1. Yes or no: the range 34-47 includes at least one residue that is surrounded by 19 or more Cβ atoms within 10 Å (Cβ to Cβ) and without any contact (Cβ under 8 Å) to a residue 40 or more places away in the chain.
2. When the residues of the range 71-107 are narrowed to those that are polar (S, T, N, Q) and in contact (Cβ under 8 Å) with a residue 60 or more places away in the chain, which ends up farthest from V160 (Cα to Cα)?
3. Being surrounded by fewer than 16 Cβ atoms within 10 Å (Cβ to Cβ), touching a Ser or Thr at 6+ places or on another chain (Cβ under 7 Å), in contact (Cβ under 8 Å) with a residue 24 or more places away in the chain and within 18 Å of V10 (Cβ to Cβ): is that true of D154 here?
4. I'd like the full set of residues that are small (G, A, S), within 19 Å of V9 (Cβ to Cβ) and in a helix (DSSP H, G or I), limited to the range 119-151.
5. Among the candidates V82, V93, V10, which residue alone is in a strand (DSSP E or B) and modelled with pLDDT under 95?
6. So for the range 108-118 (the condition being assigned to a strand (DSSP E or B) and either in contact (Cβ under 8 Å) with a residue 40 or more places away in the chain or surrounded by 14 or more Cβ atoms within 10 Å (Cβ to Cβ) (or both)), does at least one residue qualify?
7. Just to be sure, is R128 out of contact with any Gly (no Cβ under 8 Å at 6 or more places or on another chain), modelled with pLDDT of 95 or more, on the phi > 0 side of the Ramachandran plot and surrounded by 15 or more Cβ atoms within 10 Å (Cβ to Cβ)?
8. Step by step: first the residues of the range 96-107, then only those that are under 16 Å from the mean Cα position of the chain (by Cα) and assigned to a helix (DSSP H, G or I), then the one that is surrounded by the fewest Cβ atoms within 10 Å (Cβ to Cβ). Which residue is that?
Amino acid sequence: MSDQREVAVVRWPGRTPSAGAGPAELLAAYHLTTQAEKGEAVAGVEDLPDRYRVEIADPQTAFADDVVLLALSGDSAVGCLVVTAPADGRSEVKRLWTDPEFRGSGIASSLVGAALAQAAESGVGAVRLSVWKWRAGAIALYERLGFTVTESWDERDDLVCMERAL
């Protein structure tokens, strides 16, 4: 018998209101982990910078112009990704996160694939992203999916900027 769990990628909010809080819990895990990896660990969500707390508290408003994709296992949200609204002929992938219990099962690849399809439907010519340089697994995933390192558009140190033409 296989331990493989079926996971569906859906647009949020959408057909699955039973997905509980939607992406809020995943976004909290993403931001708390990122703060710790940057050497700026905080005790909880209330200690995160304002811009991140807003995303967690009300993702529907924070990403109102964007597309939020969720990976669902049953009624549980186990992965998320945000595709920004098109600007200057491209969209950006942000906040890719998979619940650690579900890693290694293709969820991140499925989310990025759905993001690329969403971006193509919106008519953009490219998708870009930034990733912390210590996230070697994520960088390798993006490279496998056709992203290449490009000149940085972000002033923060330790970010790798990547882009893929559609």
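1. Looking only at the range 34-47, we keep the residues that are surrounded by 19 or more Cβ atoms within 10 Å (Cβ to Cβ), and these are none.
No, because not a single residue in the range 34-47 is surrounded by 19 or more Cβ atoms within 10 Å (Cβ to Cβ) and without any contact (Cβ under 8 Å) to a residue 40 or more places away in the chain.
2. So in the range 71-107, the residues polar (S, T, N, Q) come out as 73, 76, 84, 91, 98, 105.
Narrowing the set further to residues that are in contact (Cβ under 8 Å) with a residue 60 or more places away in the chain leaves 73, 105.
Working: S73: 30, S105: 24 Å.
The qualifying residue farthest from V160 (Cα to Cα) is S73.
3. Numbers: surrounded by fewer than 16 Cβ atoms within 10 Å (Cβ to Cβ): yes; touching a Ser or Thr at 6+ places or on another chain (Cβ under 7 Å): yes; in contact (Cβ under 8 Å) with a residue 24 or more places away in the chain: yes; within 18 Å of V10 (Cβ to Cβ): no.
Judged against the criteria, D154 is not a match.
4. Step one: of the range 119-151, the residues small (G, A, S) are 119-120, 122-123, 125-126, 130, 136-138, 140, 146.
From what's left, within 19 Å of V9 (Cβ to Cβ): 119-120, 122, 138, 146.
Residues satisfying the conditions are A119, A120, A138.
5. Details: V82 fails: modelled with pLDDT under 95; V93 fails: modelled with pLDDT under 95.
Just a single option satisfies the conditions, and that option is V10.
6. No, the range 108-118 contains no residue that is assigned to a strand (DSSP E or B) and either in contact (Cβ under 8 Å) with a residue 40 or more places away in the chain or surrounded by 14 or more Cβ atoms within 10 Å (Cβ to Cβ) (or both).
7. Working: out of contact with any Gly (no Cβ under 8 Å at 6 or more places or on another chain): yes; modelled with pLDDT of 95 or more: yes; on the phi > 0 side of the Ramachandran plot: no; surrounded by 15 or more Cβ atoms within 10 Å (Cβ to Cβ): yes.
Judged against the criteria, R128 is not a match.
8. Once the filter is applied, the top-ranked residue is P100.
The values are calculated or read from the model by the stated rules, or taken from the named source; none is laboratory data. If you're wondering where the values come from, they're calculated on a predicted model, not measured in any experiment. Backbone-built Cβ (ideal geometry, glycine too); neighbour counts: all protein chains shown.
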